[in-house]
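Take a look at the structure set out below.
Only the coordinates and a few stated rules stand behind these numbers; no lab work does. Just so you know, these numbers come straight off a predicted model, no measurement behind them. Positions of Cβ are backbone-derived with ideal geometry, glycine not excepted, and every protein chain shown enters the neighbour counts.
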Amino acid sequence: MPYRSTEILPHGTGGDRTPIDVVVLTHDQRHVRRKLLHMQHDDVVMLDLKAPVQLAHGDLLLTETGEVVEVIAAEEELYEVAPKDRLHLVELAWHLGNRHLTAQIEEGRILILRDHVIRDMLVGLGALVRDVSEPFHPVRGAYHSAGHDHGHHNHNHG
């Protein structure tokens, strides 16, 4: 019988609880409300939350039996975008945001999902782009954090 979880313990708030197992999820898979998640050791946990959440690496799914399952951010195939300087980083971030691309913005680099068309654009803008494989923790967009579905807004302002 699968485990059932209706509560998330954010990373660092689980006390000394030892996870019974882990679920390894990509950034898209970590945006959930109700889903059957397969644990690493072939068991399952039914996540059944009241509202959609963005699970973070290290969060714990609290089961109805009081046990916890740890969320692990999966490694993903990404581009690491390196700017020439800080101003160039802002310019590159603007171009990516203008295309509504999901991005992880850090000091000195931006991580994005691989897309050869976007890679060509970034190289044309003077960025150094290289393939990496690591967990992806993109910035949540304003429409997501305000509870809006990004796919259903428009840009007509007049």
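Net length available on complete extension from R86 to T6 is 24.6 nm, with 0.36 nm assigned per residue and the Cα-Cα distance removed. Evaluating 6.51 cos²θ - 1.76 cosθ + 1.60 at θ = phi - 60° for every residue in region 80-97, the Karplus couplings come out as 9, 9, 10, x, 6, 7, 5, 5, 5, 4, 4, 4, 5, 4, 4, 4, 5, x Hz, glycine and proline recorded as x. Distant-in-sequence amide contacts of R4, defined by a placed amide H-H separation under 5 Å and a gap of 5 or more residues or a different chain, comprise M46, E64, T65.
Compute the FRET efficiency between T65 and H38 as 1/(1 + (r/R0)^6), taking r as their Cβ-Cβ distance and R0 = 25 Å, and round to the nearest 0.05. E(calc), rounded to 0.05, equals 0.85.
Were the residues from E76 through R99 laid out at 0.36 nm apart, the gain over their Cα-Cα distance would be 6.2 nm.
For the chain, the share of DSSP beta bridges that are antiparallel, to the nearest 5, is 80%. Fewest first, what order do K50, K35 take by the number of other Cβ atoms within 10 Å? Ascending Cβ contact count within 10 Å gives the list K50, K35. Under a 5 Å amide H cut-off, with hydrogens placed 1.01 Å from N, H11 pairs with D59, L60 among residues at least 5 apart or on other chains. Among V45, V81, sorting on how many other beta-carbon atoms sit within 10 Å of each Cβ, with the fewest leading, yields V45, V81.
Using the Karplus relation 6.51 cos²θ - 1.76 cosθ + 1.60 with θ = phi - 60°, the per-residue 3J(HN,Hα) values for region 15-32 come to x, 9, 5, 9, x, 7, 5, 10, 10, 9, 10, 6, 4, 5, 5, 7, 9, 9 Hz, with x marking Gly and Pro. Shape class of region 3-72 from the Cα gyration tensor (axes a ≥ b ≥ c, square roots of the eigenvalues): rounded, since a/c falls below 1.5.
Note on M39, M121: ascending count of other Cβ atoms within 10 Å places them as M121, M39, the fewest first.
Here the Karplus relation 6.51 cos²θ - 1.76 cosθ + 1.60, evaluated at θ = phi - 60°, turns the backbone of region 121-134 into coupling constants of 4, 5, 4, x, 8, x, 7, 8, 10, 9, 6, 9, 10, 7 Hz, with x for every Gly and Pro.
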